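The values are calculated or read from the model by the stated rules, or taken from the named source; none is laboratory data. Just so it is clear, the model here is predicted, and its values are computed rather than measured. FYI the Cβ positions are ideal-geometry reconstructions off the backbone, even for glycines, and counts take in every protein chain you see. These area figures cover heavy atoms from the full protein model, side chains too; ligands, DNA and RNA do not enter into them. Shrake-Rupley method; radii C 1.70, N 1.55, O 1.52, S 1.80 Å.
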Amino acid sequence: MTSSGAPSTSTTPGSTPGSTPATDPSPAGATALVVGATGISGAALSARLVGAGWHVLGLSRSGRELPGLEAVETVQADLTDAEELRAALADHRPTHVFLTAWARQDSEDENIRVNAGMVRDVLDAVRGGGSVRHVALLTGLKHYLGPFEAYGQGEVPDTPFHEDEERLPHKNFYYAQEDELFAAAERDGFTWSVHRAHTIIGAALGNAMNMGQTLAAYAAICRELDRPFVFPGSQTQWDGVTDMTDADLLAEQLHWAATTPAAADTAFNVANGDVFRWRWLWPQLAERLGVRPEGYADAPRPLEEQMTDAAPTWRAIAEREGLRETDVDRVASWWHTDGDLGREMECLTDLARSRRAGFTGHRVTLDAFLDLFDRLEADGVVPAPPVAG
């Protein structure tokens, strides 16, 4: 095993600096199974693959269609039910599997049992057809920071985080998911890639990790109650340098790694490629969202505390404006945004490995937020601020 926990491989990304490996964006007969297709990452990936001419199977618990993506063939199954997965996938022969779903549990032991189990059970369900060529697993920066129960405790790697850091001495469901992936790849002979994203900017109702949508909903409530748009996090995050990951950029890297030989059997960080400070970005988001910005002052002011009265206020806004969802907990994830913005450590990633292998995608984080707000308003997820004048 390498220090990252991945099996050793003869593939050395970037062995010829400056070269761009051959890429086939739509391999012959390619069928993608997107696990978690209705989430932020899965929806963006499904859209990208459909646009590139792939046949896409969208697997989710709800089995609902993705708006504007009628070409995606929906597959309904509970990812925690191995028998249901086998039955749902019995007649499908995916060539590429993209694992973008996870289910938060009350303890890390349960996170490991459920989330590693989902990886194992999906790959068991598709192995009978012998069709799988590549499997991609989406994880995140808790690979370097530790799980929720030991977040940032002990010795954490220096930033920017590099993919070959030693695993931390804590139980971590990301590690358990990787181990299931590596074991299945060795057994069944497919290539793999792991994608470690920072906080993802994207749209998806009911998603548990959704900062951009959370901030848009928070701003709407602040406008309604005539409150300032208060930065909820720590002074470290307010003043320090950080990065984020646009959902479409993540989809671009997932697609690239699945079709690029130089990316096989490799773990990659994925972030937009720019860095910023929240004290610079926060006022610009506030201006776009029509609220009064208020920065860090004395101590964190978590959204979970600020938004204790959010539910009836949001329902009133949603009913008046004809929004798609009246339950604020399906639009905003206060706890997750508090976790990201409340960190007492610098958090950003190194992108050299993917650059050496030929991936040059990038996004501007401010533009990613502004584009998301436009989309959320156009789709009736959040209300647009009143026009000044």
Under the Karplus relation with 6.51, -1.76 and 1.60 and θ = phi - 60°, whole-Hz ³J(HN,Hα) for region 100-108, x at Gly and Pro, equal 10, 10, 8, 10, 5, 10, 7, 9, 5
Taking Rh as the Kirkwood radius computed over alpha-carbon pairs of the chain and applying Stokes-Einstein at 25 °C with viscosity 0.890 mPa s, one gets a diffusion coefficient in µm² s⁻¹ of 114
Whole-Hz Karplus couplings 3J(HN,Hα) for region 48-57, θ = phi - 60° and coefficients 6.51, -1.76, 1.60, Gly and Pro as x, run 5, 5, 4, x, 8, x, 7, 7, 10, 9
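Counting Lys and Arg as +1 and Asp and Glu as -1, what is the net charge of the other residues whose Cβ lies under 11 Å from the Cβ of TRP192?
Local charge sum for TRP192: -4.
Can you tally the net charge around PRO293? Count Lys and Arg as +1, Asp and Glu as -1, for every other residue whose Cβ sits under 12 Å from the Cβ of PRO293.
Charge balance near PRO293 sits at +2.
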Sorted on mean Cβ neighbours within 10 Å (highest first), peptides 62-69, 165-172 come out as 165-172, 62-69
Here the gain from full extension of ASP239 to MET345, 0.36 nm per residue of separation minus their alpha-carbon distance, amounts to 37.1 nm
For the chain, the longest principal axis of the Cα atoms and the Cα long axis of helix 310-321 enclose an angle in degrees, to the nearest 10, of 90
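Any chance you could run the full-extension gain for ARG292 through ARG320? It's 0.36 nm times the residue separation minus the Cα-Cα distance, nm to one decimal.
Gain in length upon complete extension: 7.8 nm.
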With +1 on the Cβ of every Lys and Arg and -1 on the Cβ of every Asp and Glu, the dipole magnitude of the chain about its Cα centre, in debye rounded to the nearest 20, is 720
FRET efficiency for ARG227 and ALA87 from the Cβ-Cβ distance with R0 = 51 Å, rounded to 0.05, comes out at 0.55
Between ASP309 and TRP335, the FRET efficiency computed from the C-beta separation at R0 = 25 Å comes out, to the nearest 0.05, as 0.95
A 1.4 Å probe over the protein heavy atoms gives the chain a carbon and sulfur accessible-area percentage of 47
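Rounded to the nearest 20 debye, what is the charge dipole size of region 304-389 about its Cα centre when +1 sits on each Lys and Arg Cβ and -1 on each Asp and Glu Cβ?
So the dipole magnitude of region 304-389 works out to roughly 540 debye.
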FRET efficiency (ALA384, HIS170; Cβ distance; R0 51 Å; to 0.05) is 0.70
Between the alpha carbon centres of region 178-220 and region 52-73 the gap in Å comes to 17
Length gained if ASP124 through VAL275 is fully extended, taking 0.36 nm per residue and subtracting the Cα-Cα distance, is 50.4 nm
Compactness check, region 31-197: C-alpha Rg relative to the 2.2 N^0.38 Å globular estimate gives 1.04
Rounded to whole Å², per residue accessible area for the chain with a 1.4 Å probe reads 41
Expected field for VAL114, accessible surface area in Å² at 1.4 Å probe radius, rounded to 10, holds 20
PRE zone check, label point 7 Å out along Cα-to-Cβ of LEU205, amide N under 13 Å, scope region 318-332, hits 318-319, 322-332
Given unit charges at Cβ for Lys, Arg (+) and Asp, Glu (-), the dipole magnitude of region 35-187 about its Cα centre in debye, nearest 20, is 540
From highest to lowest solvent-accessible area (probe 1.4 Å; ligands, DNA and RNA excluded), TRP54, TRP238, TRP280 read TRP280, TRP238, TRP54
Rounded to whole angstrom, the alpha-carbon centroid of region 282-312 lies from that of region 353-389 at a distance of 19
Given Cβ charges of +1 for Lys and Arg and -1 for Asp and Glu, the option among ILE112, THR236, THR360 whose Cα lies farthest towards the positive end of the dipole of the chain is THR360
